[in-house]
Amino acid sequence: MRDLKKIELHLHLEGAAPAAFIRGLASEQKVSLDGVFDEAGHYAYDDFPGFLRTYEAATSVLRSPEHYARLTREVLEQSAAHGVIYTEAFISPDFCGGGDVSAWRDYLAAMQETALEARTEFGIEMRGIVTCIRHFGPDRAKAVARCAAETAGSFITGFGMGGDESIGTARDYAWAFDCAREAQLELTSHAGEWSAPDTIRAAWQDLGLARIGHGVRAVEDPCLCEDLAEAGVVLEVCPGSNVALGIYRNVDAHPIEKLRERGVKVTVSTDDPPFFHTTMTAEYEALDRTFGWGVEGLMAQARVAAEAAFCDPETKARLL
Ligand code: ADE
Ligand code: ZN
C-alpha cells in the first residue's frame, strides 16, 4: 500500500506540520504553547472548535518565509515517503503575512523554491491552493483572494476556503471566489463536513466550485448525490479526519463507499495528518480493509484525483 503511487488533493500545509516540528520552532523562539500538546507530545484537542484553536496556536510559531520553507520540505518528504507523487496543499495567507500581498509574495517564493527542490530530491510535485478561513470573516477572505489573484500561475493554481462552516453563508464569500475565478484559479471549498446537505448545494452553486472539501454529508440527501454525480463534482474525502474529529464512529460507519456507489466522484486525502494520526498509506489500508477496495479500487480513485487536479494538462497527463 505504501508503494502505490498516490495523488492527494486535500492537505493543509500548516495542518501537516508534525507536532515535533512545531515544538522545535516554539523552543527556538522560547515561546510556550500551553495546551497545544498532550502528555505524549501529540496535538491535543477535544472537539472541532478545540481542534481549530490548537491548529491556530500551533501556526503562531510559523513566523517567517524560512519557517514555511522548512515546513514545506518536511511535509513533502513525509508525503513522498508514503508514495504521494502529486499533492495540492492549502496555504493560508492569514498565517503568511496576515493577508498583506507583499509579505505573502515572500512566503510564497520560499515555498515554491522548496517545492522545486523537493521535486528533484523526493520525486513529488506540489501545487498550492490559497485558502481563506471562514471564521475569520468575509473581509479577510477578500484580502486572501487578492493575494491569490496576484500570485495565480503555475504553482498557485487554486483558491479555497476552510475553517468553521457554521459561520455565515456561502454567499457571504462569493466576492472572494469571484475574484479568484477572474484570475483563472480553480475553486474548492470545505462544505458538508459538519453542515447539512443544503449547505453543500449552496457552496457548490453560489461559489461555482469544481470540487468540494469533504462534502460527506451529501450522503443524507440522495437527490443531491444524484446532482453531484451528474455534474461530475469531485469530493475531497478525508475518512481518517472525519473519524478523528468524531463525525463518524469509525471507518465502517463512514459514507465514502455509499457516495461512490451512488456515482459521486470521491477521492482520498489526509487533511491534517499529524492531528489525526494518519497517513495516505493508513487511509488506503483502512479503505481496503473496510470496503475491500483493493489495488484496483484505490487506483481508480487515484485516476479520479488526477483528472480533478488543479494543474496544467501536461502534468495531469503524467499523473494518469
Ligand atoms: N482547516 C484545517 N483542517 C480543517 C477541517 N478539517 N475543517 C475545516 N477547516 C480546516
Ligand atoms: Zn480540510
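Quick note: the coordinates plus some simple rules give every number you see, no bench work behind them. Bear in mind that the values here come from a model prediction, so they are computed numbers and not experimental data. Because the Cβ atoms are built from the backbone with ideal geometry, glycine has one as well, and the counts that use them run over all protein chains shown.
Modelled spin-label separation between residue 184 and residue 210, with each label point placed 7 Å from Cα along the Cα-to-Cβ direction: 1.2 nm.
When only C-alpha pairs under 8 Å and at least 6 residues apart count, what is the relative contact order of the stretch 1-107, in percent?
Worked out over the stretch 1-107, it gives 42 percent.
Simple rule: put +1 on each Lys or Arg Cβ and -1 on each Asp or Glu Cβ in the chain, find the dipole, and look at 1, 67, 123; the Cα lying farthest toward the positive end is 123.
Entry note, the chain: relative contact order of 18 percent, from Cα contacts under 8 Å with a spacing of 6+ residues. The value obtained for the stretch 216-285, namely the Cα convex hull volume divided by the number of residues, is 76 Å³ per residue.
For the stretch 248-267, the residues whose amide N sits under 15 Å from a probe point set 7 Å from the Cα of residue 226 along the beta carbon direction are 262-264.
From helices alone, the chain scores -14500 deg cm²/dmol at 222 nm; the rule is -39500 (n - 2.57) for each run of n ≥ 4 DSSP H residues, then divide by the residue total. Rounded to whole numbers, the Karplus 3J(HN,Hα) couplings from phi for the stretch 208-216 are x, 7, 8, 9, 10, x, 6, x, 5 Hz, using 6.51 cos²θ - 1.76 cosθ + 1.60 with θ = phi - 60°, and x at Gly and Pro. Rounded to the nearest 20 debye, what is the charge dipole size of the stretch 203-320 about its Cα centre when +1 sits on each Lys and Arg Cβ and -1 on each Asp and Glu Cβ? Dipole size: approximately 140 debye. Loop-located trypsin sites (Lys or Arg not before Pro) in the stretch 25-80 (DSSP state not H, G, I, E or B) with no more than 11 neighbouring Cβ atoms inside 10 Å: 30. Taking the DSSP beta bridges with both ends in the chain, the antiparallel portion is around 5 percent.
From the P(r) of the stretch 147-213, could you give the percentage of C-alpha pairs in the tail past 13 Å? It works out to 59 percent of all Cα pairs.
Residues whose amide H comes within less than 5 Å of that of residue 186, counting only those at least five positions distant or on another chain, are 158, 159 (H built at 1.01 Å from N in the peptide plane).
Using a simple spin-label model with pseudo-atoms 7 Å out from Cα toward Cβ, residue 250 and residue 109 lie 5.2 nm apart. What the phi angles of the stretch 176-184 give under the Karplus curve with 6.51, -1.76 and 1.60, with θ = phi - 60°, is a coupling list of 4, 5, 5, 4, 5, 4, 4, 8, 6 Hz, glycine and proline written as x. For the stretch 26-113, what D do you get in µm² per second when you plug the Kirkwood radius from alpha-carbon pairs into Stokes-Einstein at 25 °C and 0.890 mPa s? Answer, rounded: 169 µm²/s.
Magnitude of the charge dipole for the stretch 1-102, about its Cα centre and with charges confined to Cβ atoms of Lys, Arg (+1) and Asp, Glu (-1), is about 340 debye. Taking other residues whose beta carbon is less than 15 angstrom from the beta carbon of residue 27, and scoring Lys, Arg as +1 and Asp, Glu as -1, yields +2. A simple charge model with +1 on the Cβ of Lys and Arg, -1 on the Cβ of Asp and Glu and nothing else charged puts the dipole of the stretch 49-112 at about 80 debye relative to its Cα centre. Note on the chain: dipole from Cβ charges, positive end direction compared against 82, 37, 18; the farthest Cα belongs to 82.
Projecting the Cα positions of 166, 224, 179 onto the charge dipole of the stretch 147-230 (unit charges on Cβ atoms of Lys, Arg, Asp and Glu, taken about the Cα centre) puts 179 furthest along the positive direction. The three principal axes of the Cα atoms in the stretch 152-296 give end-to-end lengths of 43, 35, 30 Å, sorted in falling order. With the Cα gyration tensor of the stretch 271-320 giving a ≥ b ≥ c as the square roots of its eigenvalues, does the rule (a/c under 1.5 for rounded; else a/b larger than b/c for prolate; else oblate) give rounded, prolate or oblate? Oblate is the answer for the stretch 271-320, as a/c is 1.5 or above yet b/c matches or exceeds a/b. Max-minus-min Cα coordinates of the stretch 102-216 on each principal axis give 44, 29, 22 Å, with the largest extent listed first. Arranged from fewest to most other beta-carbon atoms within 10 Å of their beta carbon, 230, 193 become 230, 193. Counting every C-alpha pair in the stretch 37-172, the share spaced more than 24 angstrom apart comes to 34%. For the pair residue 166 and residue 64, a Förster radius of 41 Å applied to the C-beta separation gives a FRET efficiency near 0.80, rounded to the nearest 0.05. The number of Lys pairs in the chain with C-alpha atoms less than 28 Å apart, excluding pairs fewer than 8 positions apart on the same chain, is 8. With the convex hull drawn around the C-alpha atoms of the stretch 170-247, the volume per residue stands at 88 Å³. Cα convex hull, the chain: 120 Å³ per residue, rounded to a whole number.
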